[in-house]
Structures are given as structure tokens and as C-alpha cells.
1. Would the stretch 349-356 turn up any residue that is in contact with a Cys (Cβ under 9 Å, 6 or more places away or on another chain), buried (at least 24 other Cβ atoms within 10 Å of the Cβ) and either under 17 Å from Arg456 (Cα atoms) or of a type in the set (Phe, Trp, Tyr) (or both)?
2. Taking only the stretch 163-180 into account, find how many residues are within 26 Å of the chain's Cα centre (by Cα) and under 22 Å from Val45 (Cβ atoms).
3. Exactly one of (1) in a strand (DSSP E or B); (2) farther than 20 Å from Asp452 by Cα; (3) in contact with a helix residue (DSSP H, G or I) (Cβ under 9 Å, 6 or more places away or on another chain); (4) not aromatic (Phe, Trp, Tyr) is unmet by Cys383. Its number?
4. Return yes when Phe189 is more than 30 Å from Glu406 (Cβ to Cβ), crowded, with 18+ Cβ neighbours inside 10 Å and out of contact with any helix residue (DSSP H, G or I) (no Cβ under 9 Å at 6 or more places or on another chain) and no when it is not.
5. So Gly315 fits all but one of (1) farther than 24 Å from Ser34 by Cα; (2) modelled with pLDDT of 95 or more; what number is the exception?
6. Among Ser305, Ser346, Ser388, Ser320, which is the only one that is assigned to a strand (DSSP E or B), of a type outside the set (Phe, Trp, Tyr) and more than 22 Å from the chain's Cα centre (by Cα)?
7. Considering every residue within the stretch 329-336, establish whether at least one is assigned to a strand (DSSP E or B) and either over 22 Å from the mean Cα position of the chain (by Cα) or not assigned by TED's automatic domain parsing to the domain that holds Leu217 (or both).
Amino acid sequence: MKNKIFFNLLCILLLGFLFGFQVCAKEAVNADISGRWAEKISERVVADIYPDEKIGGYQVFITWREDNLAQKDIYRFKLTDNKDGTYSYKDGVHIYRFYNSKKYEDELDYNDGSGMFKLEGNELVWIDNKDNRENSSFIRANNSFKKAATVKNKLFSVMLPEELRGLYEVKTEKDKISIYDKNSKKAGFGGFAFGIKAYKNPKDHAILPGGQKIGELTDKKGRLYDMVLKYPTDVQYDYVTKKADSYSLLYDFGAIADIKGINGAKYYKNQGMKGKDLYKDILDKHVRAIKEKWDSTKLEDEDMSYMYNVLASSGADVASKIGYAYYDANADGIDELVIGEIADRSLKGVIYDMYTMVDRKPVHVKSGGARDRYFICNDTFICNEYSSGAMESGWLVYILIENSKELYPQLGFKYDEYENKKNPWFITYSAFDGKWDNVDEKTFKERKVNFDNYKRFDYIPFSTLMK
């Protein structure tokens, strides 16, 4: 009996140990490494790490911070989160910063560094391949980010880290902050690296290229603004220089800039952008349609695809066969909602209904069907596949206009034996007005393959929303 009790206790302890190990491992994998880290031994080398949702990882500045020296070393990396407690980088930058009479000059050592960071307990280990640096350990720093420059207008402020000091010029307006690269501007290339602007009306920034919503702001009177990150629409810095590529440093920093509302205003990062916050009523409507088994007429009257009724009529469990996903289909920073069939092979990722945001409200874009299918292709294009039988098939490529439900035509492809049985390959570059160029098969395939990369969504089934 005692042996049995001892054995059971041993099993419990082993299970506890294993469970505890799994929890620790999971925490390491999901750990947030953003913030300030100091080299374990000297604490004179500091790593400032900023989360960057755009790249799904982090941006890192590592600086040797002995102010009494005439030189500083600055390293710059973009880390990819490998989801296993390690973070890798390539194209790393190393800069020598020389000081002379309170002025300094940056010299680029290299911009092709590579290596990794790995989290070991409470320490962050840096392994750099370029400098043959091995196992430089960092610990959480006692001091927070400091010596950062804060630029502001009447609504909000932007913090720029010390490593960028002296590289930029600032232009402020009542609702906008623009950052310019000094070197590029001096050389006559404009120098605009990024800007952040508050817009009262979404339609005002939707018509302008180079913008992406990053959150929302309310002023002291409760008025709502879209906060938009603006990028240059032309080449600003395209000449060869031996100096550090300061323009790239500034351009990339726009995505991670620290923004705060001031003078009674409040800034909310990512607000008004994420699908889970935007389309709840639309999802509830689809759940109701499935539960109540709406027929094709009712579905089409409600701007919904008749395919849900087709699947139900075939005996399929529609709640498990139809799913949804969120995806920014026009790269404006705001998620679209796509709904489609959970399928394999060529049907995987098919879209039966798409919704977008117009003036901060969800609207229906398009419905698809059995011979009228929609897919996301090449990240930000929308392809409409249609067919009238074995002798005619088409692929029409669109983009979704920002703050609009309009699909704007780009180009189209069709295989049409009715039009030309011997040479049935056609391409159009017009607004799908019936003007098609008859081309040979090789030309057709060479151009169409550029739009064959479909987004294959792993839809979340509606059954997960059913009560």
C-alpha cells in the first residue's frame, strides 16, 4: 500500500514538473521582449526593442552608451519572431557615430549583418554572425527609454529615440507631424520619410496614396479622428553614399513611432481597424441566416450569397461548412471580413461574401457563387473567376478602393473558344468594356501566372459562434 501511495505521489510530481516545464516553455515562446535591455556584465551597452506589428516582430537599436567617448556604435535590426523563443534578423546595420565639438557624423560600417536573439530564462542572448559575436547576454534594464525627442502639435505627440537624433527635421501642423531626412533633403530629394496625420473624415485620407490607418484619436471635445501613417509616394533617397542610410532608419521607424494624445486628446492604437471589433453585427446576421435556413431569395435580398442555401439543400452542415476570416485586402490598415466555404484544393479560400468599412461602418462589397467565385490574389488584388462552360472561362482582377465598396478593374484574362476556337486566349487592360486583345498561349500564361497566387484562408467555421 505504501509503495502504491509513493508511486502515485511520484507520478503527480512528475506530471507537475512536466506541466510546469510546458508552461514555462510556452511563456518563453509567447514572451514580449519589447523595452530596454542592458548588457549583463557592463550595462554600458543598451538594447532598445520596439514591437512592430507590420513585420510581425520587433525593431532593435543597440547602442554603446559611454558619453565620454568620441565614438558610439549603433546596431539596427529587424527581428522576425520565430515563435520558439528565438528571433532572427538579416540586413542588419552597424553605424559608427563620431563626435566632435558637440557635432557628430555617422559612418556606415555594413548593412548586411545577420544573426539572432534567443530568450533564455530572464536573459536575452545576442548572437551576431557578422561580428562573430557569441552569447552576449542582456538583462532587463533598470532605466527606461530616455533622451528621446518628443515632437508635438495641438492634438498628439510622437517620440523619436536618441539613436535618430540629428538625422531628421520636423514639420508640425495642427493635425499632422512630418519627419524629413536631413541628408536626403539636403541632396535635393525631398527627404520626406513619414508623417502622421489626424483626419476627421475617412474619405479625406482614402483618396490619397501612401496612407495606412494606425488607430483613432478623440480630442477634448470628443471628436473622433482616424490616425493615419503617411509614406512618400516617390523616391526620396536614391543616390549612393558612404554615410549611414539614415533615410531607411527614419522611414522604417514610422511603423513603430510612439504616439500619445495631448491637450485632452486620447490616442487608441489599432482602434477601428481589427475585424473582431468591426463586424460583430454582420457575423450575427450570418448566424441567424444559418439557424433560420434562409432561402436563396431571402439571402440575395439581404446582400448575401445564395451558396449557403445551395449547401444546405445538398445536406451539408452549413454552420461547419461555411466560415469567416479577417484580412486587410487593400492595405489601408483596416481589416475586411471575408466569408466562404471551408474546402480543399482549388476551392480553398473561395469568398462568397466580402465586407469592408466605409465611413467607419461595415458595408457589403460582393457576393460570389458556383460559377462566379472571388479570391484574394497576390495579397491585395481580388480575382473574380467566372465560367459559362468548358468553352469559356475568365479571370477579372480588381483592387478594392479605400473607404468604398467599389472594385476597380485592373486587367482581365479569358479563355474563349466561342470567340476564337483555334486561338482562344485573351487579355484586356481596359475597364472590362469588351475590348480584348487576342494573344498566343505563351503570352497568356506568362502574364496570368502573376495573379495565380491565391490567399488560401483557413476559415473559422460559423459553428464556433452558434449557441
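1. Residues of the stretch 349-356 that are in contact with a Cys (Cβ under 9 Å, 6 or more places away or on another chain), as a first pass: none.
Checked the stretch 349-356: no residue is in contact with a Cys (Cβ under 9 Å, 6 or more places away or on another chain), buried (at least 24 other Cβ atoms within 10 Å of the Cβ) and either under 17 Å from Arg456 (Cα atoms) or of a type in the set (Phe, Trp, Tyr) (or both).
2. Of the residues in that region, 2 qualify.
3. So Cys383 meets the others, but not (2).
4. Numbers: more than 30 Å from Glu406 (Cβ to Cβ): yes; crowded, with 18+ Cβ neighbours inside 10 Å: yes; out of contact with any helix residue (DSSP H, G or I) (no Cβ under 9 Å at 6 or more places or on another chain): no.
Judged against the criteria, Phe189 is not a match.
5. Answer for Gly315: the failing condition is (2).
6. Numbers: Ser305 fails: assigned to a strand (DSSP E or B); Ser346 fails: assigned to a strand (DSSP E or B); Ser320 fails: assigned to a strand (DSSP E or B).
On inspection, the qualifying residue turns out to be Ser388.
7. So the first thing to find is which residues in the stretch 329-336 are assigned to a strand (DSSP E or B), and the list is 336.
Next cut, either over 22 Å from the mean Cα position of the chain (by Cα) or not assigned by TED's automatic domain parsing to the domain that holds Leu217 (or both) only: 336.
Yes.
Here is a yes/no grid of residues against (1) at pLDDT below 85; (2) surrounded by fewer than 20 Cβ atoms within 10 Å (Cβ to Cβ):
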| position | (1), (2) |
| --- | --- |
| Pro51 | no, yes |
| Val60 | no, no |
| Glu66 | yes, yes |
| Leu79 | no, no |
| Lys83 | no, yes |
| Ser88 | no, yes |
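The values are calculated or read from the model by the stated rules, or taken from the named source; none is laboratory data. Note that the structure is a prediction, hence the values are computed from the model and not measured. No Cβ is skipped: glycine too gets one built from the backbone with ideal geometry, and neighbour counts run over all protein chains shown.
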